[in-house]
1. Do we have Gln70 as closer than 22 Å to Ser153 by Cα and not charged (D, E, K, R) here?
2. What's the number of the only condition in (1) within 16 Å of the chain's Cα centre (by Cα); (2) outside any strand (DSSP E or B); (3) over 18 Å from Asp55 (Cβ atoms) that Glu142 fails to meet?
3. Right, Gly38: loosely packed, with under 15 Cβ neighbours inside 10 Å and at pLDDT 95 or above or not?
4. Anything in region 52-72 that is within 13 Å of Ala117 (Cβ to Cβ) and either touching a strand residue (DSSP E or B) at 6+ places or on another chain (Cβ under 9 Å) or of a type in the set (Val, Ile, Thr) (or both)? List them, or say none.
5. In region 45-63, what residues are free of Cβ contacts under 8 Å to residues at least 24 places away in the same chain, under 24 Å from Ser161 (Cα atoms) and either part of a loop (DSSP other than H, G, I, E, B) or touching a Ser or Thr at 6+ places or on another chain (Cβ under 7 Å) (or both)?
6. Output the qualifying pairs, or none if there are none: Cβ atoms under 9 angstrom, residues six or more apart or on different chains, first residue in region 151-168 and within 15 Å of Leu42 (Cα to Cα) and without any contact (Cβ under 8 Å) to a residue 24 or more places away in the chain, second residue surrounded by 14 or more Cβ atoms within 10 Å (Cβ to Cβ) and of a type in the set (Gly, Ala, Ser).
7. Can you confirm whether region 84-100 contains a residue that is under 15 Å from Ile14 (Cα atoms) and in a loop (DSSP other than H, G, I, E, B)?
8. Just give me the residues in region 61-97 being surrounded by fewer than 13 Cβ atoms within 10 Å (Cβ to Cβ), under 30 Å from Gln22 (Cβ atoms) and modelled with pLDDT under 95, in sequence order.
Amino acid sequence: MNDSDGYLQGQLLIAMPSMGDQRFDRTVIYVVVHSAEGAMGLVLNRLVDHINFPDLLENLDIDLPIPAKQIRVHFGGPVESSRGFVLHSADYESETTMGVDGIIGLTASTDILRAIAQGTGPRHSLLALGYAGWAPGQLDDEIQANAWLHAVSNPDLVFGSDLDGKWTGAVAKLGIDVGLLSGEAGHA
C-alpha cells in the first residue's frame, strides 16, 4: 500500500498543534498498517519511564548479558501498553516479521529481543511498548479534522536518537515553518 492507494502504510504521521490528546502532543508516528480495516502505528519520539531494556529482559525471563549499547524502550502508544514491538531495518527477518515497506519491518516476538541483546539483531531498531490504533475510517477522520499531517518516512528519522528533533525534522520534511502551524482547521 502507498499514499496513492489512499493509505499511509510506511509513512509518518505528525501531530498538529490542534491535537486534542496530550498522549500524542508533538509526536511522530510510523504507520505500520493502514487499510479499510483501520490503522496501527508506533510513536517514534517518546520513551517509557517505568522500564529499561535489562528490566524488560528480566521480566520476560530472558537470561542474557546486558548489551554494551544502550537500548531505549519507547512509548509506542496507549493500546496494549505491555505488548512489545520492534520496528527494525529489513536486514533482520524471522518467521514472525511483517515487512512494512521493503526498508522497515516489524517483529513482535522475543526472538528479536534475544538477537538484539546478543548483538545479532537488525542494524537499526526501535523497541516500543504499546501502539497507536485507529478503527476503520478513524485516522482518515482525524486527518480531515487537522489533527495529523503525513510525510514520507526515512530510516534516519525513524531510527535516529534525537527524540526531541524528530517532530521538527518531520515537519521540516514537508517544507513547513513550525512557527506557522496553527491549531485551527480549515477547508477550502
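The values are calculated or read from the model by the stated rules, or taken from the named source; none is laboratory data. As the structure is a computational prediction, the values presented were derived from the model and not from experiment. With ideal geometry, Cβ positions are generated from the backbone for all residues, glycine too; neighbour counts draw on all protein chains shown.
1. Values: closer than 22 Å to Ser153 by Cα: no; not charged (D, E, K, R): yes.
So Gln70 does not fit the description; no.
2. (1) is the only condition that Glu142 fails.
3. In short, yes.
4. Asn52, Phe53, Asp55, Leu56, Leu60, Ile62, Ile66, Ile71
5. Hits for region 45-63 are Asp49, His50, Asn52.
6. Gly160/Gly169
7. no
8. Listed by number, the residues that qualify are Gln70, Ser82, Arg83.
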